[in-house]
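I have placed the structure first, in the form of structure tokens, so that the comments after it can refer back to it.
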Amino acid sequence: MHASVCCVSGRASTIHNTTSREICIVDTTFYLILLHLSQEIQPSPIKKTFKLSEAVMPDDVLEYARGGRPPWGLPWHEVDSILIPCFFDGHWVVVHPNLLKWTMMLVDSSYSRKEALKSSLRDKQMSLLTSLFPIICQKVRYFVNSRR
């Protein structure tokens, strides 16, 4: 999944949507679960390859992708995008995976465009999402069930 940074500054403006897009907004717990999970995952020094089919993903993470969590959740195979609130470097940002384009954008109001480009897209925080997202999607059969 490709990651990029979007900088938001100034006053909020109205966004005119000319096409119907389904968006799923997850709660802050989703990112916290993934953060905790990433700390538990340690590569085996014996195994040199990672097999997606062998990945174990907790049911509470998969419930987000199935639309069972949070109560207002939608199944990911029925949406175009997901909004994930995350707490990076002492403030809140939004990560926006676009499932149609298979890209991920970080929306951060505290970074100027110049700073964002220098920051290497906050690789440490974003790599967690960019590496685990395909696994989650595979486990819930997103690639089979998606109509997109």
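The values are calculated or read from the model by the stated rules, or taken from the named source; none is laboratory data. Note that the structure is predicted; figures quoted are calculated from it, not measured. Note that we place each Cβ from the backbone using ideal geometry, even for glycine, and neighbour counts take in every protein chain shown.
Can you find a residue that is assigned to a strand (DSSP E or B) and at pLDDT 80 or above anywhere in the range 25-48? Taking every residue of the range 25-48 in turn, at least one turns out to be assigned to a strand (DSSP E or B) and at pLDDT 80 or above.
May I ask you to say which residue of LEU106, LEU100 is of a type in the set (A, V, I, L, M), buried (at least 17 other Cβ atoms within 10 Å of the Cβ) and at pLDDT below 95? Give the steps one after another, and end with the answer.
Details: LEU100 fails: buried (at least 17 other Cβ atoms within 10 Å of the Cβ).
Among LEU106, LEU100, only LEU106 is of a type in the set (A, V, I, L, M), buried (at least 17 other Cβ atoms within 10 Å of the Cβ) and at pLDDT below 95.
Exactly one residue out of ASP80, ASP89 is closer than 29 Å to SER110 by Cα, among the acidic types (Asp, Glu) and at pLDDT below 90, and it is ASP89.
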